[in-house]
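Asks: Take this structure, written in structure tokens, and hold onto it; I'll ask about it next.
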Amino acid sequence: MAFELPALPYASDALAPHISAETLSFHHGKHHNAYVTNLNNLVAADASLAGKSLEEIIRTSKGGVFNNAAQIWNHTFYWHSLSPNGGGAPGGALGAAITRDFGSFEDFQKQFSAAAAGQFGSGWAWLVSDSSGKLSIRATPNAETPLTDSAVTALLTCDVWEHAYYIDYRNARPNYIAAWWKLVNWDFASKNYGR
């Protein structure tokens, strides 16, 4: 069974003005779709991958297979980390955990933004939790993903590959990150934290 490009969880213009419909057209319609096409071609050429879930492929593969599979998963997770009704600060258990583990929401924002802006080259910034509920921030290069670490659960992510922001923000990654905060889907992050 071939992998399919997951639909966006909102209209392509729903994140404007922070992320434009043009960016989503290229980012989702071209980049994300290319990873799906590439992975399907790689799976078709390797019988050992037949019938494996995306997560199984990510956890057991390397090289091009891993890169394309992980980028499919990372991007799907990223789309859900955003919402046209997002932004602000989380409440509930996640909000309390952020205050506990980072001192304040503002301190968390600063640390997360620094990790996202400071990721050299292409990659991702993640909020993750361990099995005890303790939160931490991770920056991962290229297609690397917390999914390969069974000790943590990904809660939300910010894509800092240039294709995530170059149409709208050119080389000003910090401006994109500032806009990303206005779209953060805290409901999604809170559900992940409750798992």
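The values are calculated or read from the model by the stated rules, or taken from the named source; none is laboratory data. Model, not experiment: these values are computed from the prediction. Neighbour counts are summed over all protein chains in view; Cβ atoms, including those assigned to glycine, are modelled from backbone coordinates with ideal geometry.
Asks: When you look at F120, is it assigned to a loop (DSSP other than H, G, I, E, B), under 26 Å from F66 (Cβ atoms) and either without any contact (Cβ under 8 Å) to a residue 60 or more places away in the chain or touching a helix residue (DSSP H, G or I) at 6+ places or on another chain (Cβ under 8 Å) (or both), yes or no? First the steps, then the outcome.
Replies: Numbers: assigned to a loop (DSSP other than H, G, I, E, B): yes; under 26 Å from F66 (Cβ atoms): yes; either without any contact (Cβ under 8 Å) to a residue 60 or more places away in the chain or touching a helix residue (DSSP H, G or I) at 6+ places or on another chain (Cβ under 8 Å) (or both): yes.
For F120, the condition - assigned to a loop (DSSP other than H, G, I, E, B), under 26 Å from F66 (Cβ atoms) and either without any contact (Cβ under 8 Å) to a residue 60 or more places away in the chain or touching a helix residue (DSSP H, G or I) at 6+ places or on another chain (Cβ under 8 Å) (or both) - is met.
Asks: May I ask you to verify whether E22 is loosely packed, with under 15 Cβ neighbours inside 10 Å, part of a helix (DSSP H, G or I) and within 16 Å of the chain's Cα centre (by Cα)?
Replies: The answer is no for E22.
Asks: Which of the residues that make up the stretch 15-43 are of a type in the set (G, A, S) and touching a residue at least 40 places away in the same chain (Cβ under 8 Å)?
Replies: S20
Asks: Quick one: is L94 among the hydrophobic types (A, V, I, L, M, F, W, C) and either assigned to a strand (DSSP E or B) or under 17 Å from the mean Cα position of the chain (by Cα) (or both)?
Replies: Criteria not met by L94.
Asks: When residues of the stretch 156-171 are filtered for being buried (at least 22 other Cβ atoms within 10 Å of the Cβ) and in contact with a Pro (Cβ under 9 Å, 6 or more places away or on another chain), how many remain?
Replies: Taking the stretch 156-171 and keeping what is buried (at least 22 other Cβ atoms within 10 Å of the Cβ), we get 156-160, 164-165.
Checking which are in contact with a Pro (Cβ under 9 Å, 6 or more places away or on another chain) leaves us with 157.
Adding up the residues that qualify gives 1.
Asks: Which pairs turn up if I take residues in the stretch 69-98 that are over 24 Å from G133 (Cβ atoms) and look for partners that are of a type in the set (A, V, I, L, M, F, W, C) and in a helix (DSSP H, G or I) with beta carbon separation below 6 Å, at least 6 apart in sequence or on another chain?
Replies: Sorted first by the residue in the stretch 69-98, then by its partner, the pairs are A69/L39; A69/L54; A69/I57; A69/I58; A70/I58; I72/V36.
Asks: A follow-up question, please. Evaluate the following for T140: is it under 15 Å from the mean Cα position of the chain (by Cα), at pLDDT 95 or above and outside any helix (DSSP H, G or I)?
Replies: Details: under 15 Å from the mean Cα position of the chain (by Cα): yes; at pLDDT 95 or above: yes; outside any helix (DSSP H, G or I): yes.
Judged against the criteria, T140 is a match.
Asks: A further question follows. Let me confirm something: among N85, N67, which residue is part of a helix (DSSP H, G or I), of a type outside the set (G, A, S) and not assigned by TED's automatic domain parsing to the domain that holds C158?
Replies: N67
Asks: Continuing with this model, one more query. Please verify whether the stretch 6-14 includes one or more residues that are in contact with a helix residue (DSSP H, G or I) (Cβ under 8 Å, 6 or more places away or on another chain), over 28 Å from A178 (Cβ atoms) and small (G, A, S).
Replies: Scanning the stretch 6-14, I find no residue that is in contact with a helix residue (DSSP H, G or I) (Cβ under 8 Å, 6 or more places away or on another chain), over 28 Å from A178 (Cβ atoms) and small (G, A, S), so the answer is no.
Asks: Taking S113 as the residue in question, decide whether it is in a strand (DSSP E or B) and among the polar types (S, T, N, Q).
Replies: The answer is no for S113.
Asks: Condition first: of a type outside the set (S, T, Y), under 22 Å from T99 (Cβ atoms) and surrounded by 15 or more Cβ atoms within 10 Å (Cβ to Cβ). Now tell me which residues in the stretch 120-138 satisfy that.
Replies: The answer is A125, W126, L127, V128, G133, L135, I137, R138.
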